[in-house]
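Have a look at the structure below, then the notes.
The values are calculated or read from the model by the stated rules, or taken from the named source; none is laboratory data. The structure presented is a predicted model; accordingly, all values stated were derived computationally and were not measured. Every residue, glycine as well, gets a Cβ built from its backbone with ideal geometry; the counts of neighbours run over all protein chains shown. Accessible surface is based on the protein model in full, side chains and every heavy atom, while ligands, DNA and RNA are left aside. Shrake-Rupley method; radii C 1.70, N 1.55, O 1.52, S 1.80 Å.
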Amino acid sequence: MLLQFFTLLGALGMFLYGMNLMSSGLQKAAGNRLRHFLSAMTSNRFTSVLTGLTITAIIQSSSATTVMVVGFVNAGLLALGQAIGVIMGANIGTTVTAWLISLLGFKMDISILAVPLMAVGFVLSIAKREQHKHIGECIVGFSLLFLGLSLMKNSVPDLSQNPEILSFITRWTGFGFGSILIFLVIGTLLTLVLQSSSATMALTLIMMSMGWIPFEMAAAMVLGENIGTTITANIAAAVANVNAKRAALAHSFFNLFGVIWALCLYRPFLSLIGLIISGMGYPNPVETNYTAGIDPTSPESTAALYGIAMLHTLFNVINTCILVWFVPQLEKIVTAIIKSKQSADDEIFKLKFIQAGPMVTAELAIGQAQNEIVHFAQISRKGLAYVNAAVQATTPGDFDTYCGKLVKYEEIADRIEYEIATFLRAIPEGSISEHTRQRITAMYKIVGELERLGDSGEAISRILSRRNAHKQVFSPQYIANIESMIALVDKAYEVMIANLENNGTLQAAIDSEIAINTLRNNLRDEAVTDKNVAYQNSAYYMDVVSELERMGDYIINVSEAVHGKK
């Protein structure tokens, strides 16, 4: 019996691993296409729902869809209201798993085909083309998913021969509406433990098909699974930003509202499911006694499986049809509940785009990292404005304020570099394509160069502090020259950010670098030949100019990394 229990756990692990592998392969094969599709197909709340449904049905992971959606919200490509629509569609899309299992996993022994399919997947996985490798990974994952499901079916205990094994579960079915609430909680807890509503759905179908629980208790477990998946999303968003928390809360409101109306109308809702299944030519699952044990190949068993899949689908479809009209109101509610506690000035110093849990969707996490790097560059550019302000400061109080800002920005740059690099390191090598691996390598170089820009800002503040300590003051001409240099560096920043956003060219970055170097050379020549300025004053002046030129070097390095130059 102990061996049977561990076999069941192993089969469940195979099912979950197969699902993750299939999702990962699909994401790597179509990651960029999915991102483009999502950004292009959310013009209104209805297309947003359709988009969420389509993508989740393809990648078989509503969590991956939600993570991707939140990244677009933060990037400004999607409004929160559009994101809510996509999340609603994702809830419908995740019901595809229940239908796959019902139609294929129980009605026929797909494990017979799974092993030959794994051979096909293996051949594709060793192909030279990346696309073929990803498709092969998807096929292997699909095969493992149904092998695991088959093993789960064969390893569960037979209650007709060993009724005492799960008698405690059957005893919980006799408390009327209380039993419905008990199994709703069981479905919620199982989803939390397994971190997959699809896996819980598979277990629910098995428990019912083996005669452990009646149809109405299995239906309650399905409702609980919808609650469990929202709790998981909220846990993931707990360490994320404000928009992630709002999206997760909207998801919770959506499913909790659905569970409340479904419980209030539980008997009529199940009767509707029974009528639909009866209309399809199968026995009414609500009226069938499954706890007495039934033949898995019988019409009654098929009716039960279709009934659960239909309930899951109809629950999410009805819920979406009701709430899709109230997306603006839902958006206002979650925005009012979760408020940004920081001022706009403080908010820019926190990660905006990277969300918790990159392991959920490794390939799509790269888009979040890219957006965060653009944000990092924009923060760095703001630091340049404080360099200009520190140079022009005329009072000790103003100077100390701006120098303090430069020190703060250097610390911010260090922290952001560390957090982005940590995020990138958390992405498993085996879950990404070769092209994405090269992008990650470039990202490491880019964040390093952006961090050095913060170091340069602090270095200039130290130069100016030493100048003040020695009672030196820059002439109006020197200040004007430094301003000219800062203007060229700012222009280089603009070109660099355009390159990071894939809207610029390497030649424009090279032209900016040449302009910075030319001005630096001219200013240096003028300073050397000017005998009317004290040497110490001139030395501090040229140190500032040289540090600004060095910032130009870091900036061109970023653009070269973007365009694949060493």
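Remark: spin-label model distance L256-L3 equals 4.8 nm, labels positioned 7 Å along the Cα→Cβ axis. Multiplying the residue separation of I510 and F122 by 0.36 nm and subtracting their alpha-carbon distance yields 135.1 nm.
Toward the positive end of the charge dipole of region 357-475, with +1 on the Cβ of Lys and Arg and -1 on the Cβ of Asp and Glu, the farthest Cα among Q368, F399, I412 is that of F399.
Label separation (R466 vs E434): 4.9 nm, computed from points 7 Å beyond Cα along the C-beta direction.
Magnitude of the charge dipole for region 464-566, about its Cα centre and with charges confined to Cβ atoms of Lys, Arg (+1) and Asp, Glu (-1), is about 380 debye. Taking packing as the residue-averaged number of other Cβ atoms within 10 angstrom, the listed peptides 514-521, 280-287, 310-317 run from highest to lowest as 310-317, 280-287, 514-521. Exceeding 32 Å between C-alpha atoms, which entries from my cross-link table qualify? They are K332/K408; K382/K471; K445/K531; K133/K491. Flagged as over cut-off: K332/K408; K445/K531; K133/K491.
Peptides 218-228, 454-464 ordered by packing proxy, namely the average of other Cβ atoms within 10 Å per residue, highest first: 218-228, 454-464. All other residues whose Cβ lies under 14 angstrom from that of I277 are scored, Lys and Arg at +1 and Asp and Glu at -1, for a net of -3. Heavy-atom accessible area for T436, with the other protein chains in place and a 1.4 Å probe, reaches approximately 10 Å². The order of the peptides 372-378, 175-181, 482-488 by mean Cβ neighbours within 10 Å, most packed first, is 372-378, 482-488, 175-181. Per-residue SASA remark: D400, around 100 Å² accessible (1.4 Å probe; ligands, DNA and RNA not included). The modelled label-to-label distance for the pair H563/E483, using points 7 Å beyond Cα in the direction of Cβ, is 3.2 nm.
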